[in-house]
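So the structure is just underneath, and the comments pick up after that.
The values are calculated or read from the model by the stated rules, or taken from the named source; none is laboratory data. Since the structure is predicted, the reported quantities are computational estimates derived from the model, not experimental observations. Cβ sites come from the backbone with ideal geometry, for glycine too, and all protein chains shown count toward neighbours. For the accessible areas, the whole protein counts, side chains as well, though only heavy atoms, and no ligand, DNA or RNA atoms are used. Shrake-Rupley method; radii C 1.70, N 1.55, O 1.52, S 1.80 Å.
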Amino acid sequence: MSGRSRGVTLNSIPHMQITEIYKSIQGESSYAGMPCVFVRLTGCNLRCVWCDSEYTFTGGHRMAAEEILSEVECLSPDGGLVEITGGEPMLQERELVPLMQRLLDSGYSVLLETSGERPLEKVPKGVIKIVDVKCPNSGEPDTFHMENLEVLNSQDEVKFVLSDRSDYEFAREFVSRHGLERKVGAVLFSPAFSKEATGSRDASQCLLDPRELAEWMLADKVIARLNLQIHKFVWDPAMKGV
Ligand code: SF4
């Protein structure tokens, strides 16, 4: 694969701050269970109370776009899924946008996992946006950039991480008020995991019992997908790089 992309030379893209790049199984969204390369960018401007990625807030290492691309190609030479995540990857929007375009041009399916707080209009067409809307008990309520509703399309997904009934009711109302199920490919209701979770790989580590959430969703006929973080049921919930 070359270092060029529709007028963008990768050498011209400034370096990015990267926490880790690895291959695992996609744990969430409609793509859960599929092999995926994760490119995890350093830094986040939010502080969600149940965040399991605090190790991304600082540190990392500078990488050129070419180095990132070649590591992705090494891990997944025949294409496939690449997830750009963090931290909050859109904090490095200027560098990230051309890299995502280059990954698309190279034949990868690109997922962008974002908090929803940053504007998303510059994300290249073709990137599948998995966008959080932070709920009241996340510690970061009212951070969703409402204009992002205008740039979501039928391939994108919106995720609500829920820690109790009041979060669930907020999510249910948000979905209904904005007709989200008609706007995006999937609405994801995800029970928050305890950030201290370690050892047992079961639903007791969730802050909200998935069975209770499933029953609420069925009772209310919510058109959303129950989204479990399956990597936390496959590996130790505290394990990084999976
Ligand atoms: S937006 Fe994501 S990385 Fe940032 S604090 Fe919240 S959960 Fe953690």
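If you wrap a convex hull around the alpha carbons of the chain, what volume per residue comes out, as a whole number of Å³?
On the way: hull volume 27.1 nm³, N = 242.
For the chain, the hull spanned by Cα atoms encloses 112 Å³ per residue.
List, in order, the whole-Hz ³J(HN,Hα) value for each residue of the stretch 233-239 obtained from phi through the Karplus relation with A = 6.51, B = -1.76, C = 1.60 and θ = phi - 60°; use x for Gly and Pro.
Listing the rounded values in order: 9, 8, 10, 3, x, 8, 6 Hz.
When the C-alpha atoms of the stretch 37-98 are aligned to their principal axes, what extent does each axis show, in angstrom, from largest down?
38, 22, 19
Net charge near residue 159, counting Lys/Arg +1 and Asp/Glu -1 over other residues with Cβ under 9 Å of its Cβ? Display every interim value, and only then the final one.
Values: positive: none; negative: 28, 113, 132, 157.
Cβ neighbours under 9 Å give a net charge of -4.
For residue 50 and residue 211, calculate 0.36 nm times their separation in residues minus their Cα-Cα distance, and state this gained length in nm to one decimal.
Numbers: separation 161, 0.36 × 161 = 57.96 nm, distance 1.97 nm.
Computed gain between residue 50 and residue 211 is 56.0 nm.
Taking the alpha carbon gyration tensor of the stretch 129-201, what are the square roots of 5 times its eigenvalues, largest first, to the nearest whole Å? Could the numbers behind the result be given before it?
Working: eigenvalues 106, 38, 25 Å².
Equivalent-ellipsoid dimensions as semi-axes: 23, 14, 11 Å.
Full-extension gain between residue 242 and residue 196, please, as 0.36 nm times their residue separation minus the C-alpha to C-alpha distance. Before the final figure, lay out the partial values.
On the way: separation 46, 0.36 × 46 = 16.56 nm, distance 1.67 nm.
Here the answer is 14.9 nm.
Simple spin-label model, 7 Å along Cα-to-Cβ: residue 221 to residue 34 in nm?
Taking the two extended label points, one gets 3.1 nm.
Relative to the Cα centre, what is the charge dipole magnitude of the chain, using +1 at the beta carbon of each Lys and Arg, -1 at the beta carbon of each Asp and Glu, and rounding to the nearest 20 debye?
Working: 26 positive and 36 negative charges, 87 e Å.
So the dipole magnitude of the chain works out to roughly 420 debye.
Run the dipole for the stretch 85-187 about the Cα centre, Lys and Arg Cβ at +1, Asp and Glu Cβ at -1, nothing else charged, and hand back the magnitude in debye, nearest 20. Present the calculation step by step, with values, prior to reporting the outcome.
Working: 13 positive and 19 negative charges, 63 e Å.
Here the stretch 85-187 has a charge dipole of around 300 debye.
If you add up the charges near residue 113, with Lys and Arg at +1 and Asp and Glu at -1, over every other residue whose beta carbon is less than 11 angstrom from its beta carbon, what do you get?
Working: positive: 40, 129, 159; negative: 28, 83, 88, 132, 157.
Every neighbour counted, the sum reads -2.
For the chain, which whole percent of the accessible surface, found with a 1.4 angstrom probe, sits on carbon and sulfur atoms?
Numbers: 5290 of 10730 Å².
Answer for the chain is 49 percent, counting heavy atoms of protein chains only.
Which residues' amide hydrogens lie under 5 Å from the amide hydrogen of residue 26, considering only partners 5 or more residues apart or on another chain, with H built in the peptide plane?
33, 34, 36
Got a sec to turn the phi values of the stretch 25-33 into Karplus ³J(HN,Hα) couplings, 6.51 cos²θ - 1.76 cosθ + 1.60 with θ = phi - 60°, whole Hz, x for Gly and Pro?
9, 4, x, 9, 6, 5, 9, 3, x
Which whole-number value in Å² is the accessible area per residue of the chain, probe 1.4 Å? Please report the intermediate quantities before stating the final value.
On the way: 10730 Å² over 242 residues.
That works out to 44 Å² per residue.
Identify which of 125, 134, 183 has the largest mean-square fluctuation in a Gaussian network model of the chain, with springs joining Cα atoms closer than 10 Å.
Largest GNM mean-square fluctuation: 125.
Plugging the Kirkwood radius over Cα pairs into Stokes-Einstein for the stretch 31-152, at a temperature of 4 °C and a viscosity of 1.567 mPa s, what D comes out in µm²/s? All intermediate terms of the calculation are to be shown ahead of the outcome.
Working: Rh = 15.0 Å.
The estimated diffusion coefficient comes to 86 µm²/s.
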